[in-house]
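Note sheet for the following structure.
Each reported figure results from applying straightforward, stated rules to the coordinates on display, with no laboratory input. Just so it is clear, the model here is predicted, and its values are computed rather than measured. All Cβ positions, even for glycine, are placed from backbone atoms using ideal geometry, and neighbour counts span all protein chains on display.
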Amino acid sequence: MNGFRPFSLLFLSVFFMTTAAGAAETYHYQPEVVTLSGQVSLQTFDGPPGYGDGPDDQQVKVAVLELDKPITVMPVPGVDINDPNAQQEDNVSDMQIVNRNKINLPEGCYVLTGTLMHQVNANHYTPVLLQVTSAKPASSCH
């Protein structure tokens with residue numbers, strides 16, 4: 001039976017190393033500044049008045065960052081449980097871009113810097129949003 005112990009330890013070590021290697025990178029909501037890369041595209045969503053509940057809803061175009069790799073977004077330590085930014089989001093692969101600085105972002109590959117916030121209202125079309133503060137074109141998306 002002792003012959004199986006080294007094999008079991010080896011198997012467990014490889015399993016946990018593989019799991020850790022495939023784990024999504026973790027980021028935190030604001031005020032932490034993050035830098036993310038991916039493809040910026042305009043996507044169409046149901047807008048007012050019913051945001052998908054009625055035939056008269058407007059179609060709105062929203063800039064979305066499609067991430068190179070999915071991420072996990074965690075609350076910052078000590079955040080109030082009632083704060084929208086207290087919700088953990090796993091496997092985030094795309095996020096709406098909030099562009100208050102009116103940075104020119106035509107569709108394409110970018111490295112974006114800003115802060116993350118959780119969806120709060122009907123004008124937020126993805127669970128996590130990136131409030132972008134700077135953008136650099138990237139040569140390619142991965």
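For the reader, a short list of remarks on this structure follows.
- For region 24-137, share of DSSP beta bridges that run antiparallel, in % to the nearest 5: 80 percent
- Cβ crowding within 10 Å ranks GLU89, GLU25 as GLU25, GLU89, fewest other Cβ atoms first.
- Using the empirical formula 2.2 N^0.38 Å as the baseline, the Cα radius of gyration of region 24-137 reaches a ratio of 1.07.
- Diffusion of region 39-82 by Stokes-Einstein, at 20 °C in a medium of 1.002 mPa s and with Rh set to the Kirkwood radius over alpha-carbon pairs, works out to 159 µm²/s.
- Sorting SER37, SER134 by the number of Cβ atoms found within 10 Å of their own Cβ, with the fewest placed first, yields SER134, SER37.
- Size-normalised alpha-carbon gyration radius of region 68-108, reference 2.2 N^0.38 Å: 1.52
- Nearby lysines by direct alpha-carbon distance to LYS136 (threshold 20 angstrom, same-chain neighbours under 8 apart not counted): LYS69, LYS102
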